[in-house]
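Let me begin by presenting the structure, written as structure tokens, before commenting on it.
The values are calculated or read from the model by the stated rules, or taken from the named source; none is laboratory data. Treat the numbers as computed from the prediction; the structure is a model and nothing was measured. Note: ideal-geometry Cβ built from the backbone for every residue, glycine included; neighbour counts use all protein chains shown. Protein only, heavy atoms only, side chains kept; ligands, DNA and RNA dropped before computing areas. Shrake-Rupley method; radii C 1.70, N 1.55, O 1.52, S 1.80 Å.
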There are 2 protein chains.
Amino acid sequence: MKKIAIAGAGAMGGRIGSQIKEAGYDVKLIDMWEEHVNTINEKGLEIQTETDTYTLEIPAVLPHQVNETFDLVIILTKSMQAKQMLRTLYDNKAINEDTALLSMMNGLGHGDRLSAIVPKTQIFLAVTMWTAGLRGPGQLLLEGQGSIEFQRADGQADERTERINQVFNDAKLNAKISDNVFKSIWSKATLNSVLNPLCTILDKTINEFSQYEKARDIVEPLIGEIVAVAEARGVSLSAAALLDKIEAAYPNEAQGLHYPSMHQDLYNGRYTEIDYLNGQIAKYGRELGIATPNNEMLTHLIHELEMKHVK
Amino acid sequence: MKKIAIAGAGAMGGRIGSQIKEAGYDVKLIDMWEEHVNTINEKGLEIQTETDTYTLEIPAVLPHQVNETFDLVIILTKSMQAKQMLRTLYDNKAINEDTALLSMMNGLGHGDRLSAIVPKTQIFLAVTMWTAGLRGPGQLLLEGQGSIEFQRADGQADERTERINQVFNDAKLNAKISDNVFKSIWSKATLNSVLNPLCTILDKTINEFSQYEKARDIVEPLIGEIVAVAEARGVSLSAAALLDKIEAAYPNEAQGLHYPSMHQDLYNGRYTEIDYLNGQIAKYGRELGIATPNNEMLTHLIHELEMKHVK
């Protein structure tokens, strides 16, 4: 694990990349946002933490500028940009048969999509609870604590898994090797598939959404559909535990004051990740013959709003 | 049919009431909006048509001021105000065992609710295709053509039905006695249950809604649920015909440029009629064991938005 690339170096990619760089690894940031890439190269990456602001020298490139092969590529683009990013990296020989591809993206189905490029033995799936913000091009905001869990996409352990874990833990990213990463991926996707589209459609914070006395009557059928689809795909989830997790986000002291990231995407004129959340659930449902009307409806409503808000 | 009251004399009540008054009947407008009632009594009802603007002298009262008994009470309040209005009229002896109560309100279930006050032999249900606008208190805007169909709530014909029909046709309201008014009520409610909440949630005109390439995938499941519930209640609807009717509203030359009335209600800070449309369908569905997830979801989303927009 000598040469590491962060493919998609926005807020989260910036956090993961800068922490690994600070642990002494050879890290390259790859991003499609030209102004961001240029600022990082000209001024360094400005990092603001709870206690400090400092500048980290770290190289950044546009995808088509990549001209080396990496041992590990951590994918943190938006879900809908991953395909284009990986195609460019593959064409530029940044990925070969020894490269580990690790997806840390939100949403469902990334393992299957990546397996069109490399075998599943080269693919790793991660879920992170870290957060991060971008205050502008080249300006990272890092607050709070988090964790990572990950596993090879075929569920098997190998020596490379251990080495990736070493990288993460050298970088103080609080990682662990999962024995059931799909459960964690689906759990996080459930939270995102409930609160993201609802708060976006309603233009409400998480707490504002929760104030409706029948909020649970909206949430439970969504969870029920997701649990049924996950079950049919061999992932066992607890509807009650997921409801608890979602409701734990409601208080203002928890996530209540926040708009989910999908809200920020839409109202800033960007496409959302709906097709990798509720849209993917509905797609699995159709394949499996499981009705997912609630997830279908939210997917359509978000697409309707994208037509209105995305420039 | 000597003494006729219009209970709820907004735009549509104003149209029906003024046309009957102009046909020579004794008509009283009853409305809860004090400024509207006062303006009508002080200045008359100002009526603007495509070709003319004139003033009609017509008496108006607040509900608690009613002190006479009517032969016919035409109910055109918002659905959620009907109960209070009728309770006040009943307490003031405006309604007795000879009074015909005719509901011309949008939405479902009005016949059953009215039957808590008078027997179904006294109840008439009407559907109108007339439209009307209110430009301000006491100021009516009457454009276009329309029609009315109506029937006694128990489906039986009687001599009073004929007399009400005579009143409507004297008033040039283009009425006919229906042999299946429930089919017409459910058909209109279906249109309203699809386009009203969707355009309101999305803050889109009917045409803007229709531009989404999968608009039909939103509309068809809603219609499917409504048709199933109606069928179980003995009302036979054609899903294909309803889809045609809805899609016929999309062009700008049809209804495309308009926001449905629910949109106007919500964004003007008023409660919507959702509980008498999708909410009533979902309620029937629960009673009948028919799943109506799409109608449930839209009902909840509108209630969430009411919490945000209603003052």
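Some points to look at:
- Cα shape, the range B:56-101, gyration tensor, a/c 1.5 rule: rounded
- Taking the average, over residues, of other Cβ atoms within 10 Å as the packing measure, peptides A:12-24, B:104-116 rank A:12-24, B:104-116 from highest down.
- A/B buried area, accessible surface, summed, 1.4 Å probe, Å²: 2200
- q = 0.22 Å⁻¹: log10 I(q)/I(0) that the Debye formula gives for the range A:182-309, counting C-alpha atoms only: -1.34
- Shape of the range A:203-269, Cα gyration tensor, a/c cut at 1.5: prolate
- The label-point distance for A:LYS245 and B:GLN264, in a model that sets each label 7 Å from Cα toward Cβ, rounds to 4.6 nm.
- Rg then Dmax, both in Å and based on the Cα atoms of chain A: 19.1, 56.
- The same position A:GLU42 in the other copies lies at 6.6 nm from this copy, comparing label points 7 Å beyond Cα toward the beta-carbon, shortest first.
- Cβ-based charge dipole, the range B:3-179, positive-most Cα from B:THR53, B:SER18, B:THR131: B:THR131
- Entry note, the range B:1-144: relative contact order of 28 percent, from Cα contacts under 8 Å with a spacing of 6+ residues.
- Computed 3J(HN,Hα) for the range B:69-77, one whole-Hz value per residue from the Karplus formula 6.51 cos²θ - 1.76 cosθ + 1.60 where θ = phi - 60°, is 9, 10, 7, 9, 10, 9, 9, 9, 6, glycine and proline marked x.
- For the segment A:207-216, counting C-beta atoms of other chains within 10 Å of every residue's C-beta and taking the mean gives 3.
- Sorting B:PHE150, A:PHE182 by solvent-accessible area of protein heavy atoms yields A:PHE182, B:PHE150, largest first, with a 1.4 Å probe.
- The H on the amide N of A:HIS258, modeled in the peptide plane, is under 5 Å from the matching H of A:ILE206, A:ASN207, each at least 5 residues off or on a different chain.
- Shortest-first nm distances, B:PRO59 label point to equivalent points in other copies (7 Å, Cα→Cβ): 9.3
- Pseudo-label separations to other copies for B:ASP244 - Cα-to-Cβ vector, 7 Å, nm: 5.5
- Minimum 30 Å² accessible area buried by the other protein chains, the range A:280-300 residues, probe 1.4 Å, relative to alone: A:PRO293, A:ASN294, A:MET297, A:HIS300
- Rounded if a/c under 1.5, otherwise prolate or oblate - the range B:118-232, Cα gyration tensor axes: oblate
- Based on protein heavy atoms only, the protein assembly as shown ends up with 43 Å² per residue of surface accessible to a 1.4 Å probe.
- For chain B, with all protein chains in place and a probe radius of 1.4 Å, 47% of the accessible heavy-atom surface sits on carbon or sulfur.
- Note, ³J(HN,Hα) from phi for the range B:204-219, Karplus 6.51, -1.76, 1.60, rounded to Hz, x at Gly and Pro: 10, 6, 4, 5, 4, 4, 6, 6, 5, 5, 9, 3, 5, 5, 7, 6
- Estimated D of the protein assembly as shown in µm² per second, where Rh is the Kirkwood radius over Cα pairs and Stokes-Einstein applies at 10 °C, 1.306 mPa s: 57
- For the pair A:ARG216 and B:LYS43, label points projected 7 Å from Cα toward Cβ lie 5.2 nm apart.
- Modelled label positions at B:SER147 and A:LYS2, each set 7 Å beyond Cα in the direction of Cβ, lie 8.4 nm from each other.
- Given charges at beta-carbon only (K, R positive; D, E negative), |dipole| of the protein assembly as shown in Debye: 320
- Applying 1/(1 + (r/R0)^6) with r as the Cβ-Cβ distance of A:ASP98 and A:ALA157 and R0 = 22 angstrom yields a FRET efficiency of 0.75.
- For the protein assembly as shown, calculated [θ]222 nm from helices alone, where every DSSP H run of n ≥ 4 adds -39500 (n - 2.57): -13500 deg cm²/dmol
- Gyration tensor over alpha-carbon atoms, the range A:92-167, equivalent ellipsoid semi-axes in Å: 25, 16, 13
- Computed on chain B, with alpha-carbon pairs under 8 angstrom and 6+ residues apart, the relative contact order is 15 percent.
- Here the relative contact order of the range A:218-302, from alpha carbon pairs under 8 Å that lie six or more residues apart, stands at 33 percent.
- Sum of side-chain charges, A:ASN295 neighbourhood, beta-carbon under 12 Å (Lys, Arg +1; Asp, Glu -1): -1
- Chain B residue nearest the axis that carries B onto A, by Cβ, with distance in whole Å, is B:PRO293, 2.
- Pairwise FRET efficiency - A:GLN166 versus A:LYS83, Cβ, R0 = 25 Å, nearest 0.05: 0.25
- A Cβ-based charge dipole, computed about the Cα centre of chain B with Lys and Arg at +1 and Asp and Glu at -1, lands at about 420 debye.
- The range A:31-156: C-alpha pair distances exceeding 19 Å, %: 55
- Note on chain B: GNM, Cα springs under 10 Å; of B:ASN67, B:ASN169, B:ASN207, the largest mean-square fluctuation is that of B:ASN67.
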